[in-house]
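Asks: Pasting a structure here, questions to come.
The values are calculated or read from the model by the stated rules, or taken from the named source; none is laboratory data. Every value quoted in this text rests on a predicted model; they were computed, and no experiment measured them. Reconstructed Cβ throughout: ideal geometry from the backbone, glycine too, with neighbour counts over all protein chains shown.
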Amino acid sequence: MKFFKRKKIKEGFTLVETLIAISIFSLSIMAVIFVVSDDIADIGYAKKKVVASYLAKEGVEYIRNLRDAYVLYDPESGQAGWNNFRVKIDPCDTTTNSEKSCYFVDEDLFYDGTMTGISVNACEGSCPVLYKSPDGGYAYNIAGSVDGFRREIKTREISEDEIEITSKVYWNQESGVYSTSFSGVIFNWVE
């Protein structure tokens, strides 16, 4: 009987096998990096959208609170306060001019114990940029950092006792300009 000699096969990877394995591994890592980078961009967008939504809601609430301050604290009467409030927000009134918009500066928030000290200013071209203050709030003074948010407020008279408020916030990201808005209707609740 003849015994066949077996050839001893070398164990291990050849150079070609190693290059293929490295290529597959590299492609896998690149796919993971691509997915993670998209997720990071989505997180950045979501974060800015949440902040913009809060800023838009805040714009409507400031105008609503301004109405309440005028109606409650006018020395003549609530109706005189409503009329004075309508004069105060005239820079925002789009009833006759749809291009009008305004912003408010709340630095004198408790002027004479009321909110009537808030200045409501017309936006010339575009509204100014909001700055993020060190305490996390947003204002128009330049003491903070720029996050790129712009808020414009527009009002439209529906009737003599009813006004629609729209607060729109714009922001920039690498992929473009985005916006979100919030609207509400306020009434002259003076009887």
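Asks: Do you know which residues across the stretch 36-61 are in contact with a strand residue (DSSP E or B) (Cβ under 8 Å, 6 or more places away or on another chain) and either crowded, with 20+ Cβ neighbours inside 10 Å or among the β-branched types (V, I, T) (or both)?
Replies: V51, A52, L55, A56, G59, V60
Asks: Of the conditions (1) out of contact with any Lys or Arg (no Cβ under 6 Å at 6 or more places or on another chain); (2) within 30 Å of D74 (Cβ to Cβ); (3) modelled with pLDDT of 90 or more, E164 satisfies every one except a single condition; which number is it?
Replies: E164 satisfies all of (1) out of contact with any Lys or Arg (no Cβ under 6 Å at 6 or more places or on another chain); (2) within 30 Å of D74 (Cβ to Cβ); (3) modelled with pLDDT of 90 or more except (1).
For every residue, the table says whether it meets (1) assigned to a strand (DSSP E or B); (2) touching a His at 6+ places or on another chain (Cβ under 9 Å); (3) surrounded by 15 or more Cβ atoms within 10 Å (Cβ to Cβ); (4) hydroxyl-bearing (S, T, Y).
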| residue | (1), (2), (3), (4) |
| --- | --- |
| D135 | no, no, no, no |
| D147 | yes, no, yes, no |
| E152 | yes, no, yes, no |
| T155 | yes, no, yes, yes |
| Y170 | yes, no, yes, yes |
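Asks: Report whether or not N188 is loosely packed, with under 12 Cβ neighbours inside 10 Å, modelled with pLDDT under 95 and over 19 Å from E99 (Cα atoms). Let's see the steps before the verdict.
Replies: Numbers: loosely packed, with under 12 Cβ neighbours inside 10 Å: no; modelled with pLDDT under 95: yes; over 19 Å from E99 (Cα atoms): yes.
Considered against the rule, which asks whether it is loosely packed, with under 12 Cβ neighbours inside 10 Å, modelled with pLDDT under 95 and over 19 Å from E99 (Cα atoms), N188 comes out as no.
Asks: If you go through the stretch 96-117 one residue at a time, how many are under 20 Å from V71 (Cβ atoms) and at pLDDT 85 or above? Even if it seems obvious, please write down each step before you answer.
Replies: Filtering the stretch 96-117 down to residues under 20 Å from V71 (Cβ atoms) leaves 102, 104, 106, 108-117.
Pick out the ones that are also at pLDDT 85 or above and you get 102, 104.
The qualifying residues number 2.
Asks: Oh, and also: Would you be able to tell me the number of residues in the stretch 69-89 that are within 19 Å of C102 (Cβ to Cβ) and touching a residue at least 40 places away in the same chain (Cβ under 8 Å)? Outline the logic, then answer.
Replies: To start, the set of residues in the stretch 69-89 that are within 19 Å of C102 (Cβ to Cβ) comprises 69-70, 82-89.
Next cut, touching a residue at least 40 places away in the same chain (Cβ under 8 Å) only: 69-70, 82, 86, 89.
Summing the residues that are within 19 Å of C102 (Cβ to Cβ) and touching a residue at least 40 places away in the same chain (Cβ under 8 Å) in the stretch 69-89 gives 5.
Asks: Let me ask you something else. For E124, are the conditions met, namely being at pLDDT below 80 and either out of contact with any strand residue (DSSP E or B) (no Cβ under 7 Å at 6 or more places or on another chain) or part of a loop (DSSP other than H, G, I, E, B) (or both)?
Replies: It is false that E124 is at pLDDT below 80 and either out of contact with any strand residue (DSSP E or B) (no Cβ under 7 Å at 6 or more places or on another chain) or part of a loop (DSSP other than H, G, I, E, B) (or both).
Asks: Here is a check on your reading of the model: is L66 assigned to a helix (DSSP H, G or I), surrounded by fewer than 19 Cβ atoms within 10 Å (Cβ to Cβ) and not acidic (D, E)?
Replies: Working: assigned to a helix (DSSP H, G or I): yes; surrounded by fewer than 19 Cβ atoms within 10 Å (Cβ to Cβ): no; not acidic (D, E): yes.
No: the conditions fail for L66.
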